[in-house]
Amino acid sequence: MPETRPTGQTLLAEDGVASTPGEILLELVDDEGVTIGTAEKHSAHQQPGRLHRAFSVFLFDRQGRMLLQRRALTKYHSPGVWSNTCCGHPYPDEQPFVAAARRTAEELGVAPALLCEAGTVRYDLPDEATGLIEREWNHLFVGLVTADVAPDPDEVDDTRFVTAEELKALEAELPTSVWFRTVFEAALPGIREIAGRDW
C-alpha cells in the first residue's frame, strides 16, 4: 500500500504548523545525524534538498542471493528502476529498525527472518530523471528472508533474487536507483557477514 502517516497522530512541521491529512513528515537531521526538526516528504526532496533520516534494507535468501525490487512505475521518485530490497524514511520519532521492518512488510508482504544493523551512510545524490535530490542520513540493515514475497503493486513492479555476478550484469544493462550503488557499497561489510565473501 502507498506509504501514509500514522492515523490519529498530530505532527507539526518545522514551522510549527500542523501537517495536512495525507502528508508524510520526515525527520530532518544535522551533519552528525542528530534530529533537528521535520519537513514534508516531497519538499525535502526538492532541490537543494534537506538532509533527512532514511533507511535501506538488503535481504538475502538461504542461497546468499540478494532480493532486489523494481520500483513501481507510478512512484513519483525513481519510478521503474531496480533498487535494493526496501528503502524509505522513518516517521518522526520512529526508530529506523522499526521503520525498516515495517516498510519491508508493507512493500513486499513478508517480514525479515533476520535483520541486523549495518552502519550509516550520508550522501547528496541528484536524480537527473526526476529533478529531485536525495540528501540522506541513511541507516543500513541486512538480513534474511525465508518466506515467499507478495509485493504491493502500488509500491513494487517486480522482484528478483540475484547473485553478485547477476547484480553486476543487471547494473550494466538496466537502470538502478541513484542511491543503490552508494548504499550497497556502504553495507558491504554487513552483507558479507550475512551472505558470504562472494559479495
Completion exercise
Being open to solvent by less than 20 Å² (accessible area, probe 1.4 Å) and not in a strand (DSSP E or B) narrows 112, 90, 79 down to just 90
Fill in the blank from the handout: The residue from 125, 170 that alone is in a strand (DSSP E or B) and either open to solvent by less than 20 Å² (accessible area, probe 1.4 Å) or not acidic (Asp, Glu) (or both) is 125
Completion exercise
Result of the Cβ filter at 9 Å on segment 185-196, keeping first residues that are surrounded by 13 or more Cβ atoms within 10 Å (Cβ to Cβ) and partners that are assigned to a helix (DSSP H, G or I), at least 6 apart or interchain, is 191/184; 195/164
Handout entry: Unique residue being more than 12 Å from the chain's Cα centre (by Cα), under 14 Å from residue 146 (Cα atoms) and of a type in the set (A, V, I, L, M, F, W, C) when the list is 113, 118, 72
Key = 113
Completion exercise
Taking first residues from segment 41-53 that are more than 12 Å from residue 122 (Cα to Cα) and open to solvent by less than 80 Å² (accessible area, probe 1.4 Å) and second residues anywhere that are modelled with pLDDT under 95 and part of a loop (DSSP other than H, G, I, E, B), the pairs with Cβ under 7 Å that are 6 or more apart or on different chains are 41/24; 45/77
Problem - Flag if residue 117 is without any contact (Cβ under 8 Å) to a residue 24 or more places away in the chain, within 16 Å of residue 57 (Cβ to Cβ) and acidic (Asp, Glu) - result: no
Completion exercise
Selection from segment 149-167 of residues under 24 Å from residue 74 (Cβ atoms) and surrounded by fewer than 15 Cβ atoms within 10 Å (Cβ to Cβ) yields 150, 152, 153, 154, 158, 160
Completion exercise
Given the conditions (1) closer than 17 Å to residue 53 by Cβ; (2) touching a residue at least 60 places away in the same chain (Cβ under 8 Å); (3) not in a helix (DSSP H, G or I), every one holds for residue 146 apart from (1)
Completion exercise
Checking 107, 136 in turn, the sole residue that is in contact with a Cys (Cβ under 6 Å, 6 or more places away or on another chain), surrounded by 19 or more Cβ atoms within 10 Å (Cβ to Cβ) and not hydrophobic (A, V, I, L, M, F, W, C) turns out to be 107
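The values are calculated or read from the model by the stated rules, or taken from the named source; none is laboratory data. As the structure is a computational prediction, the values presented were derived from the model and not from experiment. Note: ideal-geometry Cβ built from the backbone for every residue, glycine included; neighbour counts use all protein chains shown. Ligands, DNA and RNA are stripped out before the accessible areas are found, and what is left, the full protein with its side chains, is counted by its heavy atoms. Shrake-Rupley method; radii C 1.70, N 1.55, O 1.52, S 1.80 Å.
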